[in-house]
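Asks: Dumping the structure here so I can ask a few things about it.
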Amino acid sequence: MLLGLSVYLAVILFIGLSVYQFVKYARMPLHARMELYPVPRERGRHTYGGSYMEEPEWWRKPHQISRSSELIDMLKEMLFIKKLFSSHRSLWWKSYSFHLGLYLLILWAILLIIGALAELSGIPVSPSVSFWTALLYYLTIITGVVGFAIATVGVILLLMRRVFDPVLKKYTTPQEYFNLLLLLAALSTGIAVWIPDLSFAAARQLVAQILTLSVVPDIMLVIHLLLAEVTLIYIPPSKMGHYVGKYFTYHKILWENEPNLAGSPMEDKVKAALANKPATSWGAPHIQNPPAPEA
Amino acid sequence: MTHKDLRPSDLGKSQEQLIHLDNLMPLSFPYDQPDMEPAFPEVKPEWKEKYCTSLDGCVALDTLQRPQTEAEEKELVQKFLRGMEKVFSDANKGVWQPLQLAYDYCAKCDTCSDACHIYKASGDKEVYRPIFRAEAFRKLYKSHITGGSKLYKRFVGADMDINWETVAQLGELAYRCNLCRRCAQVCPLGLDNSLFAKEIRKVFSQEMGIAPTPLHEKGTMLQLKTGSTTGIGKAAFLDMVEFLEEDIEDRIGRKIKIPIDKEGADILLIHNAGEFVAWPENPAAFAILFEEAGIDWTLSSSMIGYDSVNYGIWYDDVQARKIIEQQMQAARDLGVKRIVIGECGHAHKAAGLVADRMLPAEKKIPVESWIPIMWDLVRTGRLKFDPSKNNFPVTLHDPCNIVRQMGIVQPQREILRVIAPQFREMTPSGVDNYCCGGGSGFAIMHSANFEHFRNKVSSRVKFDQILRAFSDTITDRSVPKYVCAPCSNCKGSMRDIFKYYKATDKFNLRYGGLVELMVNALASLDQPYLEFLEG
Ligand code: SF4
Ligand code: SF4
């Protein structure tokens, strides 16, 4: 019962803390313009990094925006970590192995939930019942096996890179090692728990037990579940929660591209920001007592 | 300890110079030969005594002087920490969020190092690694501002002591970054390391009142007092315009009346006033082109209305805002329809981007770059050219502020394709360009050894790119090779490197803006406009 509840709690905290982080950054004051080109939203120009400012009297012309190219670039970044691929290939292999593994494990968990729900309603997840149960059966195996394998290999490679690269070593704090070790612990205990049954029937059964709050604990399972839960709760407030940060750095800063034009939504935001007088002020003499101009 | 072993927490540990500017990145042919480059000069003992030379033997912060008493030392450290705290507060609204993100999320993946021309040019000197500065900032903040138990501090890497030397070295280090933001472009998390350099500069200026003389005392302060960082007041400005008219007549035999303070004009053109002093052929070329095309334009002679520069954006937001307000005031007073910024990159950014959210929409006059307008005049045939007049190799430098940060990429290339038959790109170019090495104020800073840092280190990659762009004719002295650098500061860097490496004397390397090249190719002109083509 308690073990089952703790899983729900960890998932809720993961979502809640992620939202909390999101709100924290979103509520910070409006920042200055800081785009960097290429900005994918610039229709027709994004391929070479152009912007609406290439047009004379750009403010009189409609801003040509392409949501689709923005979406494509966003997906490339999310699904393939494109930036890293193009600027740091040797690291991309390691990082992508880990991230892709993680994505597969999320998919695996979802498939387990679907499977558990199916079995709870009396449909056995087996290759011989129907096409759909077969699909579910095999997909669960593939996502689970590949997910665990490449995520773990990725973490190990990332960790080794940090330990053996003399440059990175100097910049890595104990906390940053801890982050990777925590992931490694959660993943490797998972492997230890599931490796005896790679059809993941036991995993599906566990999920069904969690759903019905009737988990039958065994020591290895308890360790794995607790580690996985701690990881889930720890991620959002740590720098591993960079999925939150990346939303802001890309969409709200580097790709924002919203001039403060009369009648635009940005105008209202700028006005509100300007009306908000700061409570803190700077101490330098030329700011405290500015000299008067001569002319 | 070699420079490779240096860690951020080594800042301030001793007064010994941390790194020496030797074993720099090798340059391309013909500068790969011995004795082609001046050696780095000795650090004078009196500089060591007076300033902080202990980072790399160069001094940017000439107003930061070694304290005489312990109390002075302590005061500096305290003020610095107070300023650091304010960086994450509503006193710093426009940067708080992006800075917080860069502070929180850096994965120390080290992707940004390879993108940084200063780090690469220096031969990978550790202190110039983009994350070195950022991590020193983080460590100081965590060690001295964020609380926590000893154990927690060790856990998060809060292991950095602070003394006068630490603060001073970090202050110097803030001026070893061109704020070009090339590192931010490659960061997989979209973080901007230049913010740390800029914010440290701001803490020094806005809280401690310490900034390089050319940027502050002889920069924004002078501009706010006299109207221009050149110190040119209104009367002198009007004289210069008159001189420009005479000069145009002498050169090309045309009588042009340069419009000044014309109310209700379509365009208010604002130049970097330094152009009138150092490169008058540039504002003259604008006048020739606009008059030939029949543009309704004017210059302003009112306070700050004739100088587009805004050094504030490099080190002090408060100063930047004051200048922006006055420039907009000048434009509003004249009732012009739009402001057009001449060939000055940082002025583009200041008026076009930084100003954008500093003023409500109704207080702004729309701002645009001169490039799209010129391309329009070329494209529509209002200006006619004979490209054979420009039949020599030309390459284009992309000013970071205009290209990477504003996305104005193609129009200048389109113009060059029309007027310069031997135009070739540098590698890389466009939004991936490298800074000229003069960005963020370096082009005008000359205190103790600083120009050697610029010429040998920060401009090095650009110089190498230029050598490679002209590799086909570099040794042929009879062929002038023109670097088109449509930005005052970039031109300043070119002037300095060409002199430093004797590149004009030895290899006939030339530099200038885009409008000069356009005037040179004007079909209606019967003599060359570019001086180096005259006999
Ligand atoms: S590329 Fe970005 S995340 Fe990686 S070290 Fe540099 S700033 Fe940090
Ligand atoms: S902004 Fe430019 S100079 Fe500064 S660290 Fe980044 S790449 Fe280097």
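Asks: Is it true that some residue in the stretch B:147-162 is more than 16 Å from ligand 2 (Cβ to nearest atom), of a type in the set (Phe, Trp, Tyr) and either part of a helix (DSSP H, G or I) or touching a residue at least 24 places away in the same chain (Cβ under 8 Å) (or both)?
Replies: yes
Asks: Checking B:PHE385 against (1) over 23 Å from B:VAL515 (Cα atoms); (2) more than 19 Å from the chain's Cα centre (by Cα); (3) surrounded by fewer than 23 Cβ atoms within 10 Å (Cβ to Cβ): exactly one of these is not met. Which one?
Replies: (1)
Asks: Hey, can you tell me all the residues within the stretch B:262-294 that are open to solvent by 10 Å² or more (accessible area, probe 1.4 Å) and in contact with a Pro (Cβ under 7 Å, 6 or more places away or on another chain)? Don't jump to the end; show me each part of the working.
Replies: Let us first name the residues in the stretch B:262-294 that are open to solvent by 10 Å² or more (accessible area, probe 1.4 Å), namely B:262-264, B:266, B:272, B:274, B:276-281, B:291-294.
Within the stretch B:262-294, B:PHE276 is the sole residue that qualifies.
Asks: Given the criteria open to solvent by less than 30 Å² (accessible area, probe 1.4 Å) and modelled with pLDDT of 95 or more, does B:GLN327 qualify?
Replies: Taking the combined requirement at face value, the residue does not satisfy it.
Asks: Right, another one. Do you know which residues across the stretch B:32-82 are in contact with a His (Cβ under 8 Å, 6 or more places away or on another chain) and on the phi > 0 side of the Ramachandran plot?
Replies: B:GLY57
Asks: List the helices (runs of 4 or more DSSP H) inside the stretch B:57-130, counting only whole elements, that have at least 2 residues being more than 10 Å from chain A (Cβ to nearest Cβ). Working first, answer last.
Replies: On the way: elements: B:70-87, B:93-105, B:117-121.
Hits in the stretch B:57-130: B:70-87, B:117-121.
Asks: Go through the stretch B:101-118 and give me each residue that's within 13 Å of ligand 2 (Cβ to nearest atom), touching a Ser or Thr at 6+ places or on another chain (Cβ under 8 Å) and open to solvent by 10 Å² or more (accessible area, probe 1.4 Å).
Replies: B:ASP114, the sole residue that qualifies.
Asks: Just to be sure I understand, how many residues within the stretch B:260-274 are under 15 Å from B:ILE341 (Cβ atoms) and out of contact with any Phe, Trp or Tyr (no Cβ under 9 Å at 6 or more places or on another chain)?
Replies: 2
Asks: Which of the residues belonging to the stretch B:133-163 are within 15 Å of ligand 1 (Cβ to nearest atom) and facing chain A (nearest Cβ under 8 Å)?
Replies: Step one: list which residues in the stretch B:133-163 are within 15 Å of ligand 1 (Cβ to nearest atom), which gives B:133-139, B:157.
Correct list: B:GLU135, B:GLY157.
Asks: Now, a different point. Assuming B:ASP124 fulfils every condition listed in (1) out of contact with any Ser or Thr (no Cβ under 6 Å at 6 or more places or on another chain); (2) closer than 26 Å to B:VAL431 by Cβ; (3) surrounded by 20 or more Cβ atoms within 10 Å (Cβ to Cβ) apart from one, which condition is it?
Replies: It fails just one condition, (3).
For (1) at pLDDT below 95; (2) more than 16 Å from ligand 1 (Cβ to nearest atom); (3) open to solvent by 50 Å² or more (accessible area, probe 1.4 Å); (4) away from chain B (no Cβ under 14 Å), each residue gets a yes or a no:
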| site | (1), (2), (3), (4) |
| --- | --- |
| A:HIS99 | no, no, no, no |
| A:LEU102 | no, yes, yes, yes |
| A:TRP108 | no, yes, no, yes |
| A:PRO124 | yes, yes, yes, yes |
| A:THR140 | no, yes, no, yes |
| A:THR143 | no, yes, no, yes |
| A:GLY147 | no, yes, no, yes |
| A:LEU159 | no, yes, no, no |
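Asks: Does A:GLU77 satisfy the criteria of being within 14 Å of chain B (Cβ to nearest Cβ), under 30 Å from B:PRO366 (Cα atoms) and open to solvent by less than 60 Å² (accessible area, probe 1.4 Å)?
Replies: Numbers: within 14 Å of chain B (Cβ to nearest Cβ): yes; under 30 Å from B:PRO366 (Cα atoms): no; open to solvent by less than 60 Å² (accessible area, probe 1.4 Å): yes.
No, not satisfied.
Asks: Right, here's the next one. For the stretch B:358-376, enumerate the residues that are at the interface with chain A (Cβ under 7 Å from one of its Cβ atoms) and either at pLDDT 95 or above or open to solvent by less than 10 Å² (accessible area, probe 1.4 Å) (or both).
Replies: If the condition is that a residue be at the interface with chain A (Cβ under 7 Å from one of its Cβ atoms) and either at pLDDT 95 or above or open to solvent by less than 10 Å² (accessible area, probe 1.4 Å) (or both), then B:PRO366, B:GLU368, B:SER369, B:PRO372, B:ILE373, B:ASP376 are the ones that fit.
Asks: Tally up the residues in the stretch B:391-405 that are within 14 Å of chain A (Cβ to nearest Cβ) and open to solvent by 10 Å² or more (accessible area, probe 1.4 Å), please.
Replies: Counting residues in the stretch B:391-405 that are within 14 Å of chain A (Cβ to nearest Cβ) and open to solvent by 10 Å² or more (accessible area, probe 1.4 Å) gives 2.
Asks: On to the next question. Applying the selection to the stretch A:239-286, what residues are part of a loop (DSSP other than H, G, I, E, B) and closer than 21 Å to B:LEU195 by Cα?
Replies: Scanning the stretch A:239-286 gives A:TRP255, A:GLU256, A:ASN257, A:GLU258, A:PRO278, A:THR280, A:SER281, A:TRP282, A:GLY283, A:ALA284.
Asks: Just give me the residues in the stretch B:15-47 being over 26 Å from the mean Cα position of the chain (by Cα) and open to solvent by 50 Å² or more (accessible area, probe 1.4 Å), in sequence order.
Replies: Residues satisfying the conditions are B:GLN15, B:GLU16, B:PHE29, B:ASP32, B:GLN33, B:PRO34, B:ASP35, B:GLU42, B:LYS44, B:PRO45, B:GLU46.
Asks: Here's another thing I want to ask about it. Applying the selection to the stretch B:165-197, what residues are among the hydroxyl-bearing types (Ser, Thr, Tyr) and within 16 Å of ligand 1 (Cβ to nearest atom)? Please lay out each step first, then the result.
Replies: First, the residues of the stretch B:165-197 that are among the hydroxyl-bearing types (Ser, Thr, Tyr): B:166, B:175, B:194.
Scanning the stretch B:165-197 gives a single hit, B:SER194.
Asks: Quick one: which of A:ALA202, A:ALA228, A:ALA208 is more than 7 Å from chain B (Cβ to nearest Cβ), hydrophobic (A, V, I, L, M, F, W, C), part of a helix (DSSP H, G or I) and in contact with a Leu (Cβ under 6 Å, 6 or more places away or on another chain)?
Replies: That would be A:ALA208, the only listed residue that is more than 7 Å from chain B (Cβ to nearest Cβ), hydrophobic (A, V, I, L, M, F, W, C), part of a helix (DSSP H, G or I) and in contact with a Leu (Cβ under 6 Å, 6 or more places away or on another chain).
Asks: I'd like the residue in the stretch B:119-137 that is near ligand 2 (Cβ under 10 Å from one of its atoms), of a type in the set (Phe, Trp, Tyr) and in contact (Cβ under 8 Å) with a residue 24 or more places away in the chain and, out of all such residues, is nearest to B:LEU81 (Cα to Cα).
Replies: Once the filter is applied, the top-ranked residue is B:PHE132.
Asks: Checking B:MET84 against (1) away from ligand 1 (no atom under 16 Å from the Cβ); (2) among the aliphatic types (A, V, I, L, M); (3) closer than 30 Å to A:SER86 by Cα: exactly one of these is not met. Which one?
Replies: Status for B:MET84: all satisfied but (3).
Asks: Give me the pairs, please: first residue somewhere in the stretch A:209-237 and open to solvent by 20 Å² or more (accessible area, probe 1.4 Å), second residue anywhere and part of a loop (DSSP other than H, G, I, E, B), beta-carbon distance under 7 Å, and either six or more positions apart or on two chains.
Replies: Between residues of the stretch A:209-237 that are open to solvent by 20 Å² or more (accessible area, probe 1.4 Å) and residues that are part of a loop (DSSP other than H, G, I, E, B), the close pairs are A:GLN209/A:VAL215; A:GLN209/A:VAL216; A:LEU213/A:MET1.
The values are calculated or read from the model by the stated rules, or taken from the named source; none is laboratory data. For clarity, every value in this text was computed on a predicted model and none was experimentally measured. All Cβ positions, even for glycine, are placed from backbone atoms using ideal geometry, and neighbour counts span all protein chains on display. For accessibility, only protein heavy atoms count, side chains too; no ligands or nucleic acids. Shrake-Rupley method; radii C 1.70, N 1.55, O 1.52, S 1.80 Å.
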